[in-house]
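Notes to accompany the following structure.
The values are calculated or read from the model by the stated rules, or taken from the named source; none is laboratory data. Model, not experiment: these values are computed from the prediction. Cβ atoms come from the backbone with ideal geometry, glycine included; neighbour counts cover every protein chain shown. SASA here: full protein model, heavy atoms, side chains in, ligands and nucleic acids out. Shrake-Rupley method; radii C 1.70, N 1.55, O 1.52, S 1.80 Å.
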Amino acid sequence: KGAVNINGKDYQDYFDTDITKKAAVMPFAVCGLNGSYDAKITVSGGGMVSQSGAVKLGIARALLAANETLKKTLKKFDL
């Protein structure tokens, strides 16, 4: 379905700005995998920008673990 839940909320409701919303799911977008995976994420500490960055890194690492051929694409976008 492509549902991304953070601390029990949809990421669109969890993050407060468009920048943090887009940054959080950027790895899916750059790999062309929007809607391909569901993600249930728990994050704490820091502010919204820091949490968005942590979610982005976690998603990128999970995608890489699932498919190593994505490494070149993720690296191109510094993920």
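Given N residues in the chain, what is Rg(Cα) / (2.2 N^0.38 Å)? Before the final figure, lay out each step's value.
Values: Rg = 11.8 Å, N = 79, 2.2 N^0.38 = 11.6 Å.
Against the empirical 2.2 N^0.38 Å value, I get 1.02 for the chain.
If DNA, RNA and ligands are ignored and the probe is 1.4 Å, what is the ranking of S52, S44, S36 by accessible area, most exposed first?
Values: S52 5, S44 105, S36 65 Å².
Final ranking, largest accessible area leading: S44, S36, S52.
Over the chain, what percent of the accessible surface lies on carbon and sulfur atoms, probe 1.4 Å?
Details: 2710 of 5220 Å².
Ligands and nucleic acids excluded, carbon and sulfur reach 52 percent.
Out of V30, A3, L70, whose Cα points farthest toward the positive end of the dipole of the chain (charges: +1 Lys, Arg; -1 Asp, Glu; placed on Cβ)?
L70
To the nearest 20 Debye, how big is the dipole of the chain about its Cα centre, given +1 on the beta carbon of each Lys and Arg and -1 on that of each Asp and Glu?
300 debye
Net charge within 13 Å of Q51 by Cβ-Cβ distance, Lys/Arg positive one each and Asp/Glu negative one each, not counting Q51 itself? Could you put the intermediate results ahead of the total?
Numbers: positive: K9, K21, K56; negative: D16.
My count for the surroundings of Q51 gives +2.
Heads up, I need the accessible area for D18: 1.4 angstrom probe, whole protein in place, Å², nearest 10.
Near enough 110 Å² of accessible area.
Straight distance only, please: which aspartates and glutamates reach the Cα of K76 with their own Cα at less than 18 Å, same-chain residues fewer than 8 apart left out?
Cross-link targets: E68.
Cut-off under 25 Å on the C-alpha distance; same-chain residues fewer than 8 positions from K1 excluded. Which lysines are left, in chain and number order?
K9, K21, K22, K40, K56, K71
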